[in-house]
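Q: I have a structure I would like to understand better, so I am pasting it below and will then ask my questions one at a time.
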Amino acid sequence: MTEQNDMLDILLNSDEKLTEKQQKILEAALEIFAKKGYSATSTSEIAKKAGVAEGTIFRHYKTKKDLLLSIIAPTMAKLIAPFVMRDINKVLNTKHEKYEDFLKAMILNRQAFLRENMSAFRILIQEIPFHPELKEQFKEHIAEKVFHRFQHLVNFYKEKGQIIELPTEVVIRFTASSVFGYLLIRHIFLPEAKWDDEKEIEMTVHMIMNGIGAQE
């Protein structure tokens, strides 16, 4: 089963009973939003793809934004958040001897997850900066839970003397921006470039450790 089919199953098995036309609208909107982005997608385009009149969309969803939120909200809560937490906990629960070993495992883990969930993340990355509702849902379902787990892990490596005396929040921000900066460029913005993933990961980890790693 493809990732897009997984997302549709979540949407179609929600608590709200959907009509056949709503199902077609959601399916069409999911595909086009992921491919073109929210702003570049018109409701007429969604209607054509779904095989319904444009007015039908507005009978079920007051605005195009309501349609977007009806896709992202259950996807975030029921599909992305559980998979993110379950997946990331595998890395966070493993006591790697060195922080740099943890970083390599984290990047490989997130890279695999991105490949399997590209459509959902593409929509989130494109739309979160412009919709406060999505930002709040992301914070509630993912960011805050991961941040608390990360705090304990960074403190563990600080106590081992592997990370210099910086505020834990600063270490997390620096690490996260470096790791996800690489992943976003690699998989979202420039996936067509010629990438040597092993070398890129080594360099990313090296740069992080040069910034926060304690000198041996």
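The values are calculated or read from the model by the stated rules, or taken from the named source; none is laboratory data. These numbers come from a predicted model, not from an experiment. Using ideal geometry, Cβ is built from the backbone for each residue, glycine included, and neighbour counts are taken over all protein chains shown.
Q: Where the second residue is modelled with pLDDT under 95 and of a type in the set (Lys, Arg) and the first is in the same structural domain as Phe130 (by TED's automatic domain parsing) and lies in the range 35-55, which pairs have Cβ atoms under 8 Å and are six or more apart or on separate chains?
A: Going by the 8 Å Cβ cut-off, there are no qualifying pairs.
Q: In this structure, does Ile201 turn out to be hydrophobic (A, V, I, L, M, F, W, C) and either touching a Phe, Trp or Tyr at 6+ places or on another chain (Cβ under 7 Å) or exposed (fewer than 15 other Cβ atoms within 10 Å of the Cβ) (or both)?
A: Considered against the rule, which asks whether it is hydrophobic (A, V, I, L, M, F, W, C) and either touching a Phe, Trp or Tyr at 6+ places or on another chain (Cβ under 7 Å) or exposed (fewer than 15 other Cβ atoms within 10 Å of the Cβ) (or both), Ile201 comes out as no.
Q: If Ile88 meets every condition in (1) modelled with pLDDT of 80 or more; (2) within 22 Å of Gln137 (Cα to Cα); (3) assigned by TED's automatic domain parsing to the domain that holds Glu202 apart from one, which number is that one?
A: (1)
Q: Also, I was wondering about something else. So Glu136 fits all but one of (1) at pLDDT below 90; (2) at positive phi; what number is the exception?
A: For Glu136, the exception is condition (2).
Q: Related question: Taking the range 171-190 only, how many residues are over 16 Å from the mean Cα position of the chain (by Cα) and either loosely packed, with under 12 Cβ neighbours inside 10 Å or modelled with pLDDT under 90 (or both)?
A: Total meeting the criteria: 1.
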